[in-house]
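In what follows, a single structure is set out as structure tokens and then discussed.
The values are calculated or read from the model by the stated rules, or taken from the named source; none is laboratory data. Quick caveat: nothing in here was measured; it's all calculated off a predicted structure. Here the Cβ is made from the backbone with ideal geometry for all residues, glycine too, and neighbour counts use every protein chain on show. The accessibility values were calculated without ligands, DNA or RNA, using every heavy atom of the protein model including side chains. Shrake-Rupley method; radii C 1.70, N 1.55, O 1.52, S 1.80 Å.
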Amino acid sequence: MMKIMKYMLMAPLMVGSAFGMLAGDGVKVEHLGVNNTLVRVDGDGKYLLLPVQDDVADAKVNLLIDGKLERTFYVRLAKSKVDFTVPLNIEPYKGHNIVLDINANHDRSSIREAKDAACWNAIEVSDTFDVSNREKFRPVYHHTPQWGWMNDPNGMYYRDGVWHLYYQWNPFGSKWQNMTWGHSTSTDLINWDHKAVGIEPDGLGTIFSGSCALDKTNSTGFGKDAVVALYTSAAASQMQSLAHSDNDGESFIKYPGNPVFTLETEARDPNMFWNEKTKQWNIMLAHALEHEILFITSPDLKTWTLQSAFGKEGAQGGVWECPDLFPLEINGRKKWVLLVNLNPGGPFGGSATQYFIGDFDGRNFTADTDGSGKIPTKWMDYGKDHYATVTWSDAPDNRRTAIGWMSNWQYAADVPTMQFRSANTLPRELSLFEGTDGEIYLASTPSPETIRLRDMAVVKGKNINARKKASSFRLPTANDGICEISFDIESKSDAKVFVTLSNKINEKVVVTYNPADNTIAFDRTQAGISDFSQDFPAVTVSPTFTGDGKTSVHMFIDRSSIEMFAKDGKYAMTNLVFPNEPYSSISFSSEGNAKISNLEIYSLKN
């Protein structure tokens, strides 16, 4: 649950003049042409509130301070209606002349028509901005931005009991644009405090994905234990840039020698760690269109040496993005896990996270092969809505904790929310296990902090026989039906087992365990609202990595998502859902003879 402050907006004041028009408080609008408008800010206040209409084209805004260009950004200024407002922080420019030079193509044929756009009468200066939630489908216990668009998690690090999460953010609308690093912190991975902007666009471009780490040896010269950040500067080309923070991530100082690394081809999303054995930084960079990861070393993050590349393996359907590399132990051996996010080309369409298991010598990554001598394609999550997954650096107790973007590029901009778009997955702990085929796989389990979400046990340790006639249990109704459910399944004679979540208007999610082929499926084709995208109704299927007619389910239901895991993490499946009413019951049935044991249902805290 996020800590959200509630504010009241000031009412706009409408006044006209011969040479321009006074719109909201402290604002004067001057129309220069069909598409060009000047907005002068002549009132005191902290924010300039910009009215947004989600389904119109972007307007280009040049912010001029005392006649000099301060920054350029894009916002979908309202044409016929105001869906919501977004704030431009003007407090730093108090006492200066503030002018917005706006090019807004509203398809008007004359200045007279251009003046009719809804935005001009609704722009206003205010000391407050209302961030209270007004969205039916905003998650209760998943991290979301207070407003605006969010995609990839970025720059995650841990220090002194605090988990830092940066993220790709558009502060001026709920669709992809103006990429900036937003910033949130947590002491428990569940409750998040929203902070000031982490890194803003500059002359090199917008701020794409990257990573942070603690420079424990002062290798960069920014100070021992300084927070260092690598990210992609994106404009006409993509370049890699460096920054550091001397106030624990509250703000960053960009390296004046940026960019620190360039290529002739598209490359992005640098991920780094300090290699104590080689006394160098290891950097992984996605060579996006080449479907490969570049492995780079650096003594100081300023001079880079390309060592090797790994790619042309695994899923190749789309660009490779957001890599991560880390070691984990299995049976006393160290193996390395290379995460590679892919879009499109996921197992059920759109974006997804694949991974490779192998060895790393500080310069080269060598992937393990299967019994046929090939490098297999492995998926971290078998749902539709798990992407850009990366892990925290410097996590305590040797934990390898990950978080992902809970959406899919096929429809992320079209889901039925407006004030904000997208959430992060629950945090997950990663480990390795050996499959029945002898190969090594990656396991994901909800981080232990999630147990603090539990409120009351609605059902505790119930055992039932699943037959053709379904056995049903009521789900908690508090907090829009958010809950946690876990149970074990044992099927006899290879009989399919069906688990159905449903509401009173016959919307439902059907989970099917098929012991004959050791799979578990998630069917959301009748789960609720889905008409916003033909790609949204889907059935996703995961191997259970078992072969004895048994599996387990650990499920977290929020207002617009269901995350499903095996209790031991051998499979994970993340899917968005948008029911018109919360799911109110769970039922169990089988084609033959099956047993459901250890059924537990918990209501969750708001």
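Before moving on, here are some points about what is shown:
- Calculated from backbone phi, Karplus (6.51, -1.76, 1.60) coupling profile of the stretch 176-192 in Hz, x at Gly/Pro: 4, 3, 6, 4, 9, 8, x, 8, 9, 10, 8, 9, 9, 6, 10, 8, 10
- Reach of Lys312 by Cα under 30 Å, taken over lysines that are not fewer than 8 positions away in the same chain: Lys277, Lys279, Lys302, Lys334, Lys335, Lys374, Lys378, Lys384, Lys570
- According to the calculation over all Cα-Cα pairs in the stretch 443-598, the P(r) per 10 Å bin from zero is 11, 41, 38, 9, 0 %.
- Positive contributions from Lys and Arg (+1) and negative ones from Asp and Glu (-1), summed over other residues with Cβ under 15 Å from the Cβ of Tyr382, come out at 0.
- Solvent-accessible area per residue, Å², over the stretch 476-529 with all protein chains present [probe radius 1.4 Å]: 38 Å²
- Placing +1 on the Cβ of every Lys and Arg and -1 on the Cβ of every Asp and Glu, with no other charges, gives the chain a dipole of roughly 1160 debye about its Cα centre.
- Equivalent ellipsoid semi-axes, the stretch 42-187, via Cα gyration tensor eigenvalues times 5, rooted, Å: 30, 19, 14
- Calculated mean residue ellipticity at 222 nm for the chain: -500 deg cm²/dmol, from DSSP H runs with n ≥ 4 weighted as -39500 (n - 2.57), summed, divided by the residue count and rounded to 500.
- Volume of the Cα convex hull of the stretch 223-320, divided per residue and given in Å³: 124 Å³
- Kirkwood hydrodynamic radius over Cα pairs of the stretch 94-144, then Stokes diffusion coefficient at 4 °C and 1.567 mPa s, in µm²/s: 84 µm²/s
- Under 5 Å between amide hydrogens, built in the peptide plane, is the criterion, and for Arg159 it picks out His164 among residues at least 5 positions away or on other chains.
- Charging the Cβ of each Asp and Glu at -1 and of each Lys and Arg at +1, and nothing else, the dipole of the stretch 385-536 about its Cα centre rounds to 840 debye.
- In terms of its Cα atoms, the stretch 345-418 spans 47, 37, 19 Å along the principal axes, sorted from long to short.
- Separation of the Val539 and Thr303 label points, Cα + 7 Å toward Cβ, nm: 5.9 nm
- Cβ-Cβ FRET estimate between Ile451 and Gln526, R0 fixed at 30 Å, reported to 0.05: 0.45
- Proximal lysines relative to Lys595, as straight alpha-carbon distance under 20 Å, when same-chain residues fewer than 8 apart are discounted: Lys460, Lys462, Lys468, Lys469, Lys492, Lys496, Lys550, Lys567
- Listed peptides 573-586, 194-207 by packing density, highest first (mean Cβ within 10 Å): 573-586, 194-207
- Accessible area of Ser589 in the full protein assembly, 1.4 Å probe (Å², nearest 10): 20 Å²
- Under conditions of 4 °C and 1.567 mPa s, the stretch 416-514 yields 74 µm² s⁻¹ as its translational diffusion coefficient, taking Rh as the Kirkwood radius over Cα pairs in the Stokes-Einstein equation.
- Compactness of the stretch 289-385 was expressed as the Cα radius of gyration divided by 2.2 N^0.38 Å, which yields 1.13.
- Whole-percent carbon and sulfur share, accessible surface of the chain, 1.4 Å: 47 percent
- Mean projection of the Cα convex hull over all viewing directions, computed for the stretch 142-201: 3.9 nm².
- Within the stretch 484-500: backbone nitrogen closer than 12 Å to the Ser471 label point (7 Å, Cα to C-beta): 488-490
- Which label in (1) 56; (2) 40; (3) 44 gives the computed percent of Cα pairs over 36 Å apart: (2)
- With N as its number of residues, the stretch 196-236 has a Cα radius of gyration that, divided by 2.2 N^0.38 Å, comes to 1.34.
- Net length gained if the chain between Glu276 and Glu434 were fully extended (0.36 nm per residue, minus Cα distance): 54.1 nm
- Distance histogram in 5 Å bins (all Cα pairs of the stretch 480-540, percent per bin): 4, 15, 22, 22, 19, 11, 6, 2, 0
- Cα centroids of the stretch 346-421 and the stretch 46-99: 36 Å apart.
- Order by protection proxy (mean Cβ within 10 Å, highest first), peptides 500-509, 42-51: 42-51, 500-509
- Annotation for Asn580 and Lys115: the two label points, set 7 Å from Cα along the Cα-Cβ direction, are 4.4 nm apart.
- In this simple spin-label approximation, Lys462 and Ser486 carry label points 7 Å from Cα along the Cα→Cβ vector, and these lie 1.7 nm apart.
- Full extension of the chain segment joining Leu32 with Ser372 gains 115.5 nm, where the gain is 0.36 nm per residue of separation less the Cα-Cα distance.
- In this view, the solvent-accessible surface of Val82, computed with a 1.4 Å probe and all protein chains in place, comes to about 70 Å².
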